[in-house]
Amino acid sequence: MKRVMLFLAVIILFGVSQVRAVMLEDWTDESGSNTGSFQDTLGSKMAIDTDAGPTAAQKSLKLTFTLASANGFCGIWHNLANDFSKETYLSFMAKAATAGKMGIALKDKYNVQYVATFPMGTNWTQVVIPFASFVKDPYYTPSDAVTGHPMDLSHTTSMNFQASNPGPNILWIGPMETGEGAAPAAAAGAAVAAPASSGASSGGAVVVQDFSSFDDKSGGTFQDSKGSSFAFKTMDNTNRPGSKFLVVTYNLTAGGYCGMWCMAGNGTGLDLSSAKTFNLLVYTKAPIAISLALKDKNNNQYAAVTPVTKGGVWETLTVPMDSFTLDPNYAPPDAIKGAPKDFSKVPSFNLQAKTEGAFGFAVASVVAK
């Protein structure tokens with residue numbers, strides 16, 4: 001029995017440029033043994049066909065289905081033999097008779113299933129799903145899976161689509177591409193999958209901030225008087241019910257500054273003295289750098305800069321803890337000057353614009369390891 005954990009893709013309007021795209025499926029022939037359906041015994045149904053595509057020259061995969069109940073399932077499997085290890089995203093046009101959401105799954109080199117979801121609109125809309133947004137299926141592990149490995153898409157053997165919303169529907173999926181580098185330019189309504197996990201891990205890692213309970217008391221902004229601006233809000237991450245991620249927009253003028261302070265943990269101070277790296281799971285529209293600052297036990301501020309982002313994908317930015325140096329531009333009024341760096345009690349951290357101009361970025365988690 002095939003089950004897919006369904007994670008709703010949050011719509012984020014970050015328009016980014018395409019680097020390279022390769023056709024994965026054009027749906028010109030789905031007969032034979034390459035594609036098939038599966039469904040529960042509760043009355044769910046799934047039928048597969050091809051139909052007209054987004055343009056007159058294209059075809060689409062047409063799925064006509066009924067999901068009998070929220071506890072049921074129905075979907076299709078589609079065989080692959082592809083190396084996605086150098087690719088960063090899936091891209092395709094899709095539309096549905098009724099708006100909703102749809103699950104997608106990939107089976108990797110170790111036969112482990114990874115899942116994400118995307119929204120379905122009633123008009124042809126571009127869908128972009130970064131491979132980084134897929135998470136291990138918590139409900140289904142194939143009998144031939146070799147567990148204990150990170151996701152490895154160097155030999156991807158299958159792709160599934162599965163219904164999420166109970167009731168009848170029809171989904172049309174246009175030609176599918178994979179791409180390397182930044183995702184295609186997203187028009188209004190294009191969908192970019194939100195992260196399926198927070199990026200936090202066990203094994204000595206300390207969650208500095210996951211934004212699940214972030215509010216006005218957990219952070220604030222600062223900016224110069226030259227016209228720079230910095231704004232933030234949190235969005236529900238339906239990939240992880242009950243959690244949120246941070247969305248930032250800023251405009252940094254030449255020679256200016258702008259940013260925000262964030263509470264570390266509950267604000268009483270986190271012990272990061274044993275951590276080797278400071279890690280942020282981020283999404284940016286285009287390649288940018290972000291300036292960081294940590295306030296230590298002695299209230300001195302230490303600064304560092306992240307690596308430049310790739311842009312167009314969720315990625316983890318890793319900054320060595322020993323790269324944080326005493327901030328030459330700002331000393332908190334309560335700082336104990338001359339005291340040695342002491343990260344045994346870190347009450348807050350800063351996210352600050354580094355790349356000049358108007359940009360945006362999202363942060364799903366901040367973890368020290």
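Just to confirm my numbers, what's the Cα centroid distance between the stretch 319-335 and the stretch 76-152 in Å? Result: 42 Å between the Cα centres.
For the cross-link pairs LYS276/LYS310; LYS101/LYS354; LYS217/LYS244; LYS244/LYS354, which exceed 27 Å when the distance is taken from alpha carbon to alpha carbon?
Numbers: LYS276/LYS310 23 Å; LYS101/LYS354 37 Å; LYS217/LYS244 16 Å; LYS244/LYS354 24 Å.
Pairs exceeding the cut-off: LYS101/LYS354.
The portion of the accessible surface of the chain made up by carbon and sulfur, rounded to a whole percent, is 51 (1.4 Å probe; DNA, RNA and ligands excluded). What is the sum of charges, Lys and Arg at +1 and Asp and Glu at -1, for the other residues whose Cβ falls under 13 Å from the Cβ of THR249? Local net charge: +2.
When only C-alpha pairs under 8 Å and at least 6 residues apart count, what is the relative contact order of the chain, in percent?
The normalised contact order for the chain reaches 19 percent.
I'd like the trypsin sites (Lys or Arg not before Pro) in the stretch 206-280 restricted to DSSP loop residues with at most 13 other Cβ atoms within 10 Å, sorted by number. Those that pass, being in a loop and sparsely packed, are LYS217, LYS226, LYS276.
Here the gap between ILE336 and SER154, fully extended at 0.36 nm per residue and compared with their Cα-Cα distance, gives a gain of 60.3 nm.
Can you work out the FRET efficiency for the pair LEU326 and ASP224, with r the C-beta to C-beta distance and R0 = 22 Å, to the nearest 0.05?
Numbers: r = 21 Å, r/R0 = 0.96.
The calculated FRET efficiency here is 0.55.
To the nearest 0.05, what FRET efficiency results for ASP40 and THR268 with a Förster distance of 35 Å applied to their C-beta separation?
Values: r = 49 Å, r/R0 = 1.39.
FRET efficiency, ASP40 to THR268: 0.10.
Charge tally for PRO320 (other residues, Cβ to Cβ under 14 Å; Lys, Arg +1; Asp, Glu -1): +2. Multiplying the residue separation of ASP29 and ASN79 by 0.36 nm and removing their Cα-Cα distance gives an extension gain of 16.7 nm.
Using the Cβ atoms and a cut-off under 10 Å, what net charge is assigned to the surroundings of THR277, where Lys and Arg are +1 and Asp and Glu are -1? If you can, show how the numbers build up before the last one.
Numbers: positive: LYS276, LYS369; negative: ASP322.
Here the charged neighbours net out to +1.
For the pair ALA99 and VAL305, a Förster radius of 30 Å applied to the C-beta separation gives a FRET efficiency near 0.10, rounded to the nearest 0.05.
The values are calculated or read from the model by the stated rules, or taken from the named source; none is laboratory data. None of these values were measured; they are calculated from a predicted model. Reconstructed Cβ throughout: ideal geometry from the backbone, glycine too, with neighbour counts over all protein chains shown. Areas reflect the complete protein model, heavy atoms only, side chains present, ligands, DNA and RNA absent. Shrake-Rupley method; radii C 1.70, N 1.55, O 1.52, S 1.80 Å.
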